[in-house]
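The numbers here are math on the coordinates, done by the rules we state, and not lab data. Since the model is a prediction, treat every value here as computed from it, not as a measurement. Cβ coordinates were reconstructed from backbone atoms using ideal geometry, including for glycine residues, and neighbour counts include every protein chain displayed.
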Amino acid sequence: MAGSEVNPMRSAHAAPRCRGRAKRTGEPCRAPAVRGWCVCRMHGAGGGAAMGPRNGRFKTGLYTCEAIEMRRLVYALAREARKVEEVVG
């Protein structure tokens with residue numbers, strides 16, 4: 001039965017290691033790298049801003065690119081209408 005059991009720590013020990021190094025000694029970090037990253041969580045993996053509404057710079061409503069572009073189109077149509085009205089008279 002000992003041969004059929006799977007050691008859960010085997011995958012943890014076999015995980016790829018962080019590529020970060022200590023600033024003072026230059027020794028490599030021995031922590032496992034975060035999945036999909038080359039570094040551990042202490043050296044920058046998983047950081048960055050949240051996506052969507054959880055991000056502080058997420059724009060909704062009046063200042064979205066789509067709304068600004070729509071206003072530009074409306075203003076351009078209004079200018080053209082004024083020019084046509086001026087010519088027709």
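Across the options Gly61, Ala81, Val34, the greatest Cα extent toward the positive end of the charge dipole of the chain (unit charges at beta carbon of Lys, Arg, Asp, Glu) belongs to Val34.
Remark: relative contact order (the chain) = 14 percent; criterion is Cα-Cα distance under 8 angstrom and separation of 6 or more residues. Rounded to the nearest 10 degrees, the inclination of helix 65-88 to the longest alpha-carbon principal axis of the chain is 10 degrees. Distant-in-sequence amide contacts of Arg17, defined by a placed amide H-H separation under 5 Å and a gap of 5 or more residues or a different chain, comprise Ala33.
Projected onto its three principal axes, the C-alpha set of the range 1-50 covers 46, 33, 11 Å, listed from the longest axis down.
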